[in-house]
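Here is the structure we will look at, set down as structure tokens.
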Amino acid sequence: MEEYLSFRKMITPVIIKVLFWVGVAGSVIAGLVTIAGSFQARGLGVLAGFFGGLLVMVLGTVIWRVYCELLILFFRMNETLTEIRDNLAK
């Protein structure tokens, strides 16, 4: 508990992991809504909406993953630098 109160242990990486899964769910839902909406269109709109929905599901998830990894990278660098500092102090 003292590590949390003194900010020696970060809780933000855990929050980022939760937000990642929320973002993945949002991306999949948005893709499914786009696909479902495409069936109301006519002509090439059906194909465009269907493939657009698939694109949202795939690219949205990948882009969200990269963004979350970049955020976690800062915390991993902090942990590594803290370990180096502790090892040098010994």
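Read the figures in this text as sums done on the coordinates, not as results from a lab. This is a predicted model, so every value here is computed, not measured. No Cβ is skipped: glycine too gets one built from the backbone with ideal geometry, and neighbour counts run over all protein chains shown.
Points worth noting:
- The chain: relative contact order in percent, alpha carbon pairs under 8 Å with at least 6 residues between: 29
- Using R0 = 30 Å, the C-beta based FRET efficiency linking I11 and I63 works out to 0.75.
- For the Cα trace of the chain, dividing Rg by the Kirkwood Rh returns an Rg/Rh value of 1.29.
- Computed [θ] at 222 nm, helices only, for the chain once each DSSP H run of length n ≥ 4 contributes -39500 (n - 2.57): -30500 deg cm²/dmol
- Those chymotrypsin sites (Phe, Trp or Tyr not before Pro) in the range 36-86 that DSSP places in a loop and that have at most 15 other beta carbons within 10 Å: F39
- The chain: angle of helix 44-89 to the longest principal axis, Cα-based, in degrees nearest 10: 0
- GNM remark for the chain: springs join alpha carbons under 10 Å apart, and the peak mean-square fluctuation among G31, G52, G43 falls on G43.
- Candidates R42, R65, R76, ranked by Gaussian network fluctuation over the chain, Cα under 10 Å, top entry: R42
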